[in-house]
Amino acid sequence: MTDELPIRFHIWPDQPGAHLFEVTCEIADPDPAGQVFSLPAWIPGSYMLREFAKSVVQVEARAGGNAVAVRKLDKSTWRCAPCAGSLTVRYQVHAWDLSVRGAHLDTTHAYFNGTSVFIKVAGQEHRRHLVDIQPPAGAAYRDWRVATAMARESAHPYGFGRYQAADYQELIDHPVEMGVFTLATFYACGYPHDIVLSGRHRADLDRLCQDLTAICEYQIRFFGEPPPMDRYVFLITVVGNGYGGLEHRASCSLLCSRDDLPRAGQHDMTEKYRTLLGLCSHEYFHTWHVKRIKPAVFAAPDLAVENYTRQLWAFEGITSYYQSLALLRCGLITSEEFLELLAQMATRVWRAPGRFKQTLEESSFDAWIKLYKQDDNAPNALISYYTKGALVALALDLLIRRDTRNARSLDDVMRALWKRYGETGAGVPEDGVERMAEDVSGLDLRAFFERALRSSEELPLADLLAQFGVKMEVRPAESAADVGGRAAKTAPDVLARRAVLGVRLVENGGDAKLQYVYDGGAAQQAGLSPGDVLVAVDGLRATRANLESLVTVYAPGDTVNVHVFRRDELISFSVTLRAAPADTCVFSLLENADGAVRAQRASWLGAT
């Protein structure tokens, strides 16, 4: 109703040194039976219960100058006693989560997602929400500004003051950055896009703007102009070592390493910068595919409990496929670099024994308890719907192109999904992507989807790629640092004689501590376990730095004596080494492909 009064929030960094936000929520006409309010347990786009209420401190309420009793009902829900007149709820939020999912506050900056700080007023979620954002007190913060895609109600651009959202769902879909940040603006298809860099950096902003313009314009035109937002904001937190991204309806939050950013005078495409552009491309693609084309269960999500879908392979996997394809098609990377990125993704799939145990639908459904809560057996038990989902998208694209003689492709499926679901706001049913692929292509794809989504059979990637002039090779890794995607520098016969333990070490620290012990590997067969610290191989001290060199002097089939600490006990194992498995993928252009195949390949890649 137009005469309903808005929900009013006031938030400010009350104690930056103690990482505390102060939040008040004014409810003009609370429920006469006692107003219930709650904080979300998870944030859309990240499928794990994060229990944001655990960071809430000192909840109190007042009405008409009098205290109102507040009683907690469950882990994230409270009820106020009945009261007359306007109700004001006050609370603090401890913000010390430097990620794209939560809230973080110190004396250098402030950041929050709405799910971390804004309570949901039961029964009034549909109302307009106003947010008064204020800076910390003191001269030290006089140069702070505000960056958010949330609409301004009375605040000046990048200024403190009042912002607005149409309802609670929109309120929590606009993260906010405060502080002294670097700001740059570019226009994609005529629409303003901000880049906000928080943290110390020496980035070449002109190059970053130029490259993001190319990515954003390609994606806008891919789905069709105009874009679904009037303005977009890339919120980038720069740290020494970090990586992450989360999509929102008109912005994204990114975490990147300082070295990922381009430097002035640096004209080549470094692997780190390519990774950052891929992350930006991924989250921007989500503006259409996830934020608007979304599973039906996410159309009106219940943020208190898990919301299950078997479709995450399509929403994250297809996005992972297009994140790199967009870089190629807008001219930022070459065809060879695109194939390298695809092969690296395939390598991550091939190195997960869990791909033989968990289907993609199961991976999607169990994201809440497996992908986001990986334990020491994760590689042996699960497969990522990001990586294998991207390979399914690749296979589906090539299959449709082949069997329709390039008359149709996955591009057409995505545009049809946008028209039917994205533009209308209707949620995608559980079989919606599969049915749309069949409708658009005119093909019977049931056998493909059964194999790709509901079985653990290998995908027919090598055959499909060959028909598009691309060779797929699967070889042993040259070393633990080999991530695939490139031809081996080592001769095949030498690679075949490379001995391995079949483990992965914990990355931090100097100890050779086992993080994963892979199914069927030498270490597992001998009885080694995750958490063991290898201290010696045949009497020679083992460290994280030298373990690989200690092992590779032997040949597959050799037996070595390995000493480990398990907890505080020294244990000896006799380990029979095995040959490095063929789990490293390389995709390369077939230069001798005939003209018809080259034409098919050019149509797919969007490049000559």
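The values are calculated or read from the model by the stated rules, or taken from the named source; none is laboratory data. Worth saying up front: this structure is predicted, and the values here are computed from it rather than measured. When we count neighbours, we look across all protein chains shown, and the Cβ atoms used for this are built from the backbone with ideal geometry, even at glycine. Just the protein is used for accessible areas: all its heavy atoms, side chains included, with ligands, DNA and RNA removed. Shrake-Rupley method; radii C 1.70, N 1.55, O 1.52, S 1.80 Å.
Key figures for this structure:
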item: Residue 128 vs. criteria touching a Pro at 6+ places or on another chain (Cβ under 7 Å) and surrounded by fewer than 23 Cβ atoms within 10 Å (Cβ to Cβ); result: yes
item: From 152, 145, 101, 162, residue being closer than 28 Å to residue 303 by Cα, surrounded by fewer than 19 Cβ atoms within 10 Å (Cβ to Cβ), at pLDDT 95 or above and under 30 Å from the mean Cα position of the chain (by Cα); result: 152
item: Some residue of segment 334-354 being open to solvent by 10 Å² or more (accessible area, probe 1.4 Å), modelled with pLDDT of 95 or more and more than 25 Å from residue 476 (Cα to Cα); result: yes
item: Residue among 61, 53, 84 that alone is outside any strand (DSSP E or B), free of Cβ contacts under 8 Å to residues at least 40 places away in the same chain, touching a strand residue (DSSP E or B) at 6+ places or on another chain (Cβ under 7 Å) and not acidic (Asp, Glu); result: 84
item: Filter result for the condition that a residue is of a type in the set (Ser, Thr, Tyr), under 19 Å from residue 10 (Cα atoms) and more than 21 Å from the chain's Cα centre (by Cα), over 191, 168; result: 168
item: For residue 304: the one exception among (1) in a loop (DSSP other than H, G, I, E, B); (2) of a type outside the set (Phe, Trp, Tyr); (3) over 30 Å from residue 172 (Cβ atoms); result: (3)
item: Extreme residue, nearest to residue 526 (Cα to Cα), among residues of segment 565-581 that are in a strand (DSSP E or B) and free of Cβ contacts under 8 Å to residues at least 40 places away in the same chain; result: 572
item: Given (1) more than 23 Å from residue 113 (Cβ to Cβ); (2) out of contact with any Leu (no Cβ under 8 Å at 6 or more places or on another chain); (3) buried (at least 16 other Cβ atoms within 10 Å of the Cβ); (4) not β-branched (Val, Ile, Thr), index of the condition residue 169 fails; result: (1)
item: Residue that is most open to solvent (accessible area, probe 1.4 Å) [pool: residues in segment 1-39 that are part of a strand (DSSP E or B) and of a type in the set (Asp, Glu)]; result: 26
item: Residues of segment 451-479 satisfying the condition of being touching a helix residue (DSSP H, G or I) at 6+ places or on another chain (Cβ under 6 Å) and exposed (fewer than 15 other Cβ atoms within 10 Å of the Cβ); result: 454, 457
item: Residue satisfying all of: in segment 395-414; free of Cβ contacts under 8 Å to residues at least 60 places away in the same chain and not acidic (Asp, Glu); surrounded by the fewest Cβ atoms within 10 Å (Cβ to Cβ) among these; result: 405
item: Residue in segment 544-554 that is under 29 Å from residue 241 (Cβ atoms), among the acidic types (Asp, Glu) and within 36 Å of the chain's Cα centre (by Cα) present; result: yes
item: Subset tally (residues that are open to solvent by 60 Å² or more (accessible area, probe 1.4 Å) and either part of a helix (DSSP H, G or I) or modelled with pLDDT under 95 (or both)) for segment 529-551; result: 2
item: Total residues in segment 494-527, condition more than 17 Å from residue 380 (Cβ to Cβ), open to solvent by 50 Å² or more (accessible area, probe 1.4 Å) and not small (Gly, Ala, Ser); result: 6
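Matching residues to (1) among the hydrophobic types (A, V, I, L, M, F, W, C); (2) open to solvent by 30 Å² or more (accessible area, probe 1.4 Å); (3) touching a strand residue (DSSP E or B) at 6+ places or on another chain (Cβ under 8 Å):
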residue: 240; (1), (2), (3): no, yes, yes
residue: 265; (1), (2), (3): no, yes, no
residue: 271; (1), (2), (3): no, yes, no
residue: 285; (1), (2), (3): yes, no, no
residue: 300; (1), (2), (3): yes, yes, no
residue: 304; (1), (2), (3): yes, yes, yes
residue: 309; (1), (2), (3): no, no, yes
